[in-house]
1. Can you pull out every residue in the stretch 370-420 that is at pLDDT 85 or above, part of a loop (DSSP other than H, G, I, E, B) and within 16 Å of ligand 1 (Cβ to nearest atom)?
2. Between a first residue in the stretch 254-279 that is more than 20 Å from V237 (Cβ to Cβ) and in contact (Cβ under 8 Å) with a residue 60 or more places away in the chain and a second residue that is surrounded by 20 or more Cβ atoms within 10 Å (Cβ to Cβ) and aromatic (F, W, Y), which pairs have beta carbons less than 8 Å apart while being 6 or more apart in sequence or on different chains?
3. Being more than 30 Å from S419 (Cβ to Cβ), under 22 Å from the mean Cα position of the chain (by Cα) and not assigned by TED's automatic domain parsing to the domain that holds K118 is the requirement here; does E577 meet it?
4. Sort through A183, A101 and tell me the only one that's assigned to a helix (DSSP H, G or I) and touching a Lys or Arg at 6+ places or on another chain (Cβ under 9 Å).
5. Of the residues that sit in the stretch 17-70 and are assigned to a strand (DSSP E or B) and polar (S, T, N, Q), which one is farthest from S100 (Cα to Cα)?
6. Looking only at the stretch 224-248, how many residues end up being crowded, with 16+ Cβ neighbours inside 10 Å and either under 16 Å from A293 (Cα atoms) or out of contact with any Pro (no Cβ under 9 Å at 6 or more places or on another chain) (or both)?
7. T502 is checked against (1) at pLDDT 90 or above; (2) over 27 Å from F545 (Cα atoms) and fails just one. What number does that condition carry?
Amino acid sequence: MLDLPLTGVKGIGPKRAELFGQLGVFTVRDLLYRLPRDYLDYSKVTPISQLINAQSAAVQVRICGAARYYRTKGMTILSMSAQDETGKVTLKWFNQPYRSAQIKTGEIVYACGRVIRKNGVSLINPSISQGLPGIVPVYSTVQGVNQRAWRDSIMAALEQAWDRIPEPLPRTLLDRYSLVPLALALRHAHFPFSREALGLARKRLDFENTLLYFIILELQKAERLRQNGFSFDTSGVLERFLPKLGFAPTAAQLRVIGEIAEDMRRNTPMNRLLQGDVGSGKTAVAMYALCVAAANGKQGALLAPTEILAEQHFQNFRDIFGDAVALLKGSMKKAERDSALAKIADGSALFIVGTHALLSSDVRFCDLGCIVTDEQHRFGVRQRAAMLEKGVRPDMLVMSATPIPRTLALILYGDLDISVIDELPPGRMPVKTSVIPEHKRADMYRYIEKQAKEGVQSYIVCPVIEESESIDCPSVDALYAELKKTLPDIRLAKLHGRMKETEKEKVMRAFRAGELDALVTTTVIEVGVHVPNACIMAIEGAERFGLSQLHQLRGRVGRSAKQAYCFLLYGSQGEQENERMLAMTKTTDGFEIAQKDLELRGPGDFIGTRQHGDDSAGLMYGAMDVRLLEQAAAAAKELLDASGEESARLIELATERYGGMFGDIAMN
Ligand code: ADP
Ligand code: MG
């Protein structure tokens, strides 16, 4: 039943199936496992006087005025006033004039939507109903499939599959960890009737995912320990490499280089995680590992999560190693690509830099000895596994700028040896971080303008690209349009994941060359991009990002001897939000921030199975607790030790979910 193609579901035609296909959703299973990215809690009524800015809420009101229309920024806005015994609220719909026909003056209704407290209280694009809608799921989506379509499709799939969803987990596990059956979990994860039901559903699904993930990790580990790799000769490599580097390595870099050298000399393949804060100089260490491979006549590959980043690494490598470097990325002309493929296949390229494009089956290496994965959290287990297949037991170094608390690292990366660069290159000043209240926003833009005149560049990050995705925090499009008007003198551009690769690169190159003063952008600039002259990072809707992600973003500035600043703007002022933002202003230590993130939001953000593209990756992810991870890890070990029929079935399932080659959605 779960393998049924989407077109077999009532109400899903070929057109919608194709749109779902763009999201990697092909079967009923894919659809049901695509969990909501968020939930709106409309299960109880909030009095108008208690509505909190930027939160979603349900009110029960009497419609007390007639419909009014006005136009602004090219949108038609319909507004109606309504009230309860505690106050008045304005209901506002953007570009939905037909709504007025559905609502009568004097009527008492439930209205559910996002609260804006600005010149009074409003509800934005509220849904109107005669009963409370309960807890409503919100899905990450693509153009052409709206929330309504998601809900209808999932409901139809659930109805069809209702009593025909087999239980993959052994009964004993369900009992021991108090897990609800899969069928129930799927129903309640999409349409929970209470917070408790939702919690149990997510727990069950998180457990299953994590268990399968750990099974793969355990299998990989067992496999690796069985293997003999290549034992590299490292003598003289460091002496030849250092003079080319152009700076003296820090003590931390040298220590890690030593650890890597030792791994590479051994004949078990290296499997090491390198953690180091943004700007700590991980690239130089990666270069060393690839140099060792090259010195032994073997190829080394550096896998980067975005084209911008791959380009940047490529230029760095080219400067040092010249013609022995090849670049492979998705957007390349055929001739360029063919020539790169040839260089990789015949071994004339010893250093290969690339994106996910390297995983493609027509990429054949001559003799791949070492793989470095940059920003490893951007890659799934399968992608790393796919890369390993390209060589004969190659050495593997994965790098991450998202510091992970030690307890968690041991669970998640039990199979990896861990190195840490805990020292920044000399001369860096910590970034000064402050929270900017709404009434100081204009001052901040002035400051950015003033700094631009002195040649200092800025990033302005928004969590969403288009206005329609969010009303209460600026989108890239809207902010760009507004700043174009209010700051006509600064050279401004926008940058986001939906732009063509060539356009993105053009903008990035211009920014790097100092031809632009400020970028209005999404988290595409989160990873790795290095522009020392950019000293200001303003983050809109900061509450929507995880702390570790804010930390990553902040790491884009403070890369020169000049004082850098990070400004956080945020809408909803809940207690937890305030605490998180405060944590950002208090420390620049990535590990401390990661620990705080773990305490406040659970480990969900740290787990490398994020399914979203870069533009939504910052949004809330189901938070689960560390205990659950520990339990899943223990259960995985136990199952593999037991090696019965049950384990065989779960291994098969785990391989299906995480072990295949190209199942992950492209993440750039
Ligand atoms: P990340 O760890 O974030 O990947 P990078 O490797 O990109 O950091 O390094 C950031 C910048 O710091 C680069 O411009 C790099 O050349 C420079 N850098 C790295 N190590 C040192 C060092 N020991 N001394 C001076 N500059 C360094
Ligand atoms: Mg880097």
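1. Of everything in the stretch 370-420, just one residue is at pLDDT 85 or above, part of a loop (DSSP other than H, G, I, E, B) and within 16 Å of ligand 1 (Cβ to nearest atom), namely D374.
2. L273/Y413
3. Details: more than 30 Å from S419 (Cβ to Cβ): yes; under 22 Å from the mean Cα position of the chain (by Cα): yes; not assigned by TED's automatic domain parsing to the domain that holds K118: yes.
Against the criterion (more than 30 Å from S419 (Cβ to Cβ), under 22 Å from the mean Cα position of the chain (by Cα) and not assigned by TED's automatic domain parsing to the domain that holds K118), E577 qualifies.
4. Values: A101 fails: touching a Lys or Arg at 6+ places or on another chain (Cβ under 9 Å).
Just a single option satisfies the conditions, and that option is A183.
5. Let us first name the residues in the stretch 17-70 that are assigned to a strand (DSSP E or B), namely 27, 38-42, 45, 56-63, 68-70.
Checking the rest, the ones that are also polar (S, T, N, Q) come to 27, 56, 60.
On the way: T27: 38, S56: 21, Q60: 18 Å.
So the residue we want is T27.
6. Taking the stretch 224-248 as the starting set, the residues that turn out to be crowded, with 16+ Cβ neighbours inside 10 Å are 224, 229-230, 232, 234, 237-238, 241-242.
Imposing the further condition that a residue be either under 16 Å from A293 (Cα atoms) or out of contact with any Pro (no Cβ under 9 Å at 6 or more places or on another chain) (or both) reduces the set to 229-230, 232, 234, 237-238, 241-242.
Counting residues in the stretch 224-248 that are crowded, with 16+ Cβ neighbours inside 10 Å and either under 16 Å from A293 (Cα atoms) or out of contact with any Pro (no Cβ under 9 Å at 6 or more places or on another chain) (or both) gives 8.
7. (1)
So that you can scan it fast, the table gives a plain yes or no per residue for (1) assigned to a strand (DSSP E or B); (2) closer than 20 Å to S43 by Cα; (3) among the β-branched types (V, I, T):
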{"position": "V115", "(1), (2), (3)": "yes, yes, yes"}
{"position": "N119", "(1), (2), (3)": "no, no, no"}
{"position": "P126", "(1), (2), (3)": "yes, yes, no"}
{"position": "I135", "(1), (2), (3)": "yes, yes, yes"}
{"position": "V145", "(1), (2), (3)": "no, no, yes"}
{"position": "D152", "(1), (2), (3)": "no, yes, no"}
{"position": "A157", "(1), (2), (3)": "no, no, no"}
{"position": "D163", "(1), (2), (3)": "no, no, no"}
{"position": "L169", "(1), (2), (3)": "no, no, no"}
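The values are calculated or read from the model by the stated rules, or taken from the named source; none is laboratory data. Quantities reported herein were computed from a predicted structural model and do not represent experimental measurements. Here the Cβ is made from the backbone with ideal geometry for all residues, glycine too, and neighbour counts use every protein chain on show.
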